[in-house]
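Everything below concerns the one structure shown next.
The values are calculated or read from the model by the stated rules, or taken from the named source; none is laboratory data. Keep in mind the model is a prediction, meaning the values are calculated, not measured. Note that we place each Cβ from the backbone using ideal geometry, even for glycine, and neighbour counts take in every protein chain shown.
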Amino acid sequence: MSIVIAGTGSYVPEKILTNADLEKMVETSDEWIRTRTGIEERRIAEPGQASADLAYEAGCRALEAAGITGADLDTIIVATVTPNHVFPSNGCILQAKLGATKAFCFDVEAACSGLLYTLEIGRALLNMIPSRRYALVIGAEKLSCITDWSDRNTCVLFGDGAGAVVLEKTAETEDGRGIIATDIHSDGNYAEILKMPAGGSRIPATEQTVRDHLHFIKMEGRETFKLAVNAMVSAAKTVMVSAGVASSEIGVVIPHQANLRIINAVAQRLDVPEDRLFVNINKYGNTSAASIGICMDEAIRSGRVKRGDVMLLTTFGGGLTWGAALIRY
Ligand SMILES: CC(C)(COP(=O)(O)OP(=O)(O)OC[C@H]1O[C@@H](n2cnc3c(N)ncnc32)[C@H](O)[C@@H]1OP(=O)(O)O)[C@@H](O)C(=O)NCCC(=O)NCCS
């Protein structure tokens, strides 16, 4: 059996926060942000919009593209570091909204690698039981609510959004469509370089943790940058070697959108020309778990990726987590 992409969907909030807007909030400049990150603007959810609302919009679009309804789903998996609540999960909230009565639903926390993790988990869960056919996997983030808008080191980087994929288990297709190879890793030894310190059981929320800005993303940018490039390249090479797919056979490379300089360094080391590299960081910034899903959906809907084309996904995030996947669409 193969696990194929039956449909994709994405959603970004309407409100745009430009670099010029940020110039009024912190000591920064459009020129610095563009040259150091490639970001020009990002989307910000409304106060009443939570991450499950963004996930719902993306999920509906993916279901429509797949030609199925929530009732057809066997599982819903949401990757997020900004769930509506610690519990219940966004997965369960979506189940009710989508009428996915027979699905079992849960969330995955793998930071920016979340969507890739859910593709792997969704694939495994579908393969496990013969009667399972459809999995809806979604990366959805409202990072604006864990961004310290007084910290110029981080606030210029992040944005809100959601990307969704319907996975379907089918008999093997003649053109070999489906997930071809994956390579997924974690290294908790680097847990400290990218994190949100408070709000969990280690440092529960208090008035002091709020005053100390401990409910926001903290990051060692330079260290993260170096590790990201090496990890994304290594995972990408592993899936290419294990599948016997050369760089020239890949239609589109979709790297996690964290920094244009990271994306370009990865492409250069993988020998991927610019025209086969998918980039939308200029419009959305880093949307963490949503990033790869939004890119896949835009690449497919714009015709950059056509049926039969091979996509190479490669990602990196807090945890640390990283990985890559080769998928024939
Ligand atoms: C964060 C990041 C953009 C910073 O770029 P950098 O080239 O590494 O910049 P540095 O951290 O070396 O900082 C250079 C200077 O710019 C300053 N700076 C940082 N943010 C700034 C901003 N928004 N505007 C202007 N100056 C800024 C720093 O204070 C520093 O000044 P100093 O030299 O006087 O101390 C970059 O390190 C990065 O993208 N890292 C990876 C982040 C990431 O991907 N995180 C998520 C992983 S999924």
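Report, ordered by the first and then the second residue, all pairs with beta carbons closer than 6 Å, sequence separation of six or more or different chains, a first member in the range 261-284 that is charged (D, E, K, R), and a second member that is surrounded by fewer than 22 Cβ atoms within 10 Å (Cβ to Cβ).
Correct list of pairs: ARG269/VAL233; ASP271/SER247.
Any idea which residue in the range 201-228 is surrounded by the fewest Cβ atoms within 10 Å (Cβ to Cβ), counting only those that are in a loop (DSSP other than H, G, I, E, B) and near the ligand (Cβ under 9 Å from one of its atoms)? Please lay out each step first, then the result.
So the first thing to find is which residues in the range 201-228 are in a loop (DSSP other than H, G, I, E, B), and the list is 201-206, 212-217, 220.
This time we only want the ones that are near the ligand (Cβ under 9 Å from one of its atoms), so: 217, 220.
Working: ILE217: 23, GLU220: 14.
So, considering only residues that are in a loop (DSSP other than H, G, I, E, B) and near the ligand (Cβ under 9 Å from one of its atoms), the one surrounded by the fewest Cβ atoms within 10 Å (Cβ to Cβ) is GLU220.
Given the condition more than 14 Å from the ligand (Cβ to nearest atom), assigned by TED's automatic domain parsing to the domain that holds ASN127, among the hydroxyl-bearing types (Ser, Thr, Tyr) and in a strand (DSSP E or B), answer yes or no: does some residue in the range 17-30 qualify?
No; the residues of the range 17-30 include none that is more than 14 Å from the ligand (Cβ to nearest atom), assigned by TED's automatic domain parsing to the domain that holds ASN127, among the hydroxyl-bearing types (Ser, Thr, Tyr) and in a strand (DSSP E or B).
For the range 246-269, which residues satisfy the criterion of being more than 21 Å from LEU194 (Cβ to Cβ) and either assigned by TED's automatic domain parsing to the domain that holds VAL78 or in a loop (DSSP other than H, G, I, E, B) (or both)?
ALA246, ILE250, GLY251
Given the criterion outside any strand (DSSP E or B), touching a Leu at 6+ places or on another chain (Cβ under 9 Å) and buried (at least 18 other Cβ atoms within 10 Å of the Cβ), identify the matching residue among ALA62, ALA6, ALA58. Break it down stepwise before answering.
Values: ALA6 fails: outside any strand (DSSP E or B); ALA58 fails: touching a Leu at 6+ places or on another chain (Cβ under 9 Å).
Being outside any strand (DSSP E or B), touching a Leu at 6+ places or on another chain (Cβ under 9 Å) and buried (at least 18 other Cβ atoms within 10 Å of the Cβ) holds for just one of ALA62, ALA6, ALA58, which is ALA62.
Look at GLY139 and say whether it is within 15 Å of the ligand (Cβ to nearest atom), part of a strand (DSSP E or B) and under 18 Å from the mean Cα position of the chain (by Cα).
Values: within 15 Å of the ligand (Cβ to nearest atom): yes; part of a strand (DSSP E or B): yes; under 18 Å from the mean Cα position of the chain (by Cα): yes.
Considered against the rule, which asks whether it is within 15 Å of the ligand (Cβ to nearest atom), part of a strand (DSSP E or B) and under 18 Å from the mean Cα position of the chain (by Cα), GLY139 comes out as yes.
Being more than 17 Å from the chain's Cα centre (by Cα) and within 16 Å of the ligand (Cβ to nearest atom) is the filter here, so list the residues in the range 238-265 that pass it.
First pass over the range 238-265, keeping only residues more than 17 Å from the chain's Cα centre (by Cα): 238-251, 261, 264-265.
Matches in the range 238-265: ARG261, ASN264, ALA265.
Out of ALA198, ALA235, ALA191, which single residue is in contact with a His (Cβ under 8 Å, 6 or more places away or on another chain), within 22 Å of THR80 (Cα to Cα) and within 16 Å of the ligand (Cβ to nearest atom)? Reasoning before the result, please.
On the way: ALA198 fails: within 16 Å of the ligand (Cβ to nearest atom); ALA191 fails: in contact with a His (Cβ under 8 Å, 6 or more places away or on another chain).
Of ALA198, ALA235, ALA191, the one residue that is in contact with a His (Cβ under 8 Å, 6 or more places away or on another chain), within 22 Å of THR80 (Cα to Cα) and within 16 Å of the ligand (Cβ to nearest atom) is ALA235.
I'd like the full set of residues that are in contact with a Pro (Cβ under 9 Å, 6 or more places away or on another chain) and of a type in the set (Phe, Trp, Tyr), limited to the range 287-329.
The one that is in contact with a Pro (Cβ under 9 Å, 6 or more places away or on another chain) and of a type in the set (Phe, Trp, Tyr): PHE316.
Can you find a residue in the range 270-285 that is polar (S, T, N, Q) and either outside any loop (DSSP other than H, G, I, E, B) or within 15 Å of the ligand (Cβ to nearest atom) (or both)?
Narrowing the range 270-285 to residues polar (S, T, N, Q): 280, 282.
If we keep only those that are either outside any loop (DSSP other than H, G, I, E, B) or within 15 Å of the ligand (Cβ to nearest atom) (or both) too, we end up with 282.
Within the range 270-285, one or more residues are polar (S, T, N, Q) and either outside any loop (DSSP other than H, G, I, E, B) or within 15 Å of the ligand (Cβ to nearest atom) (or both).
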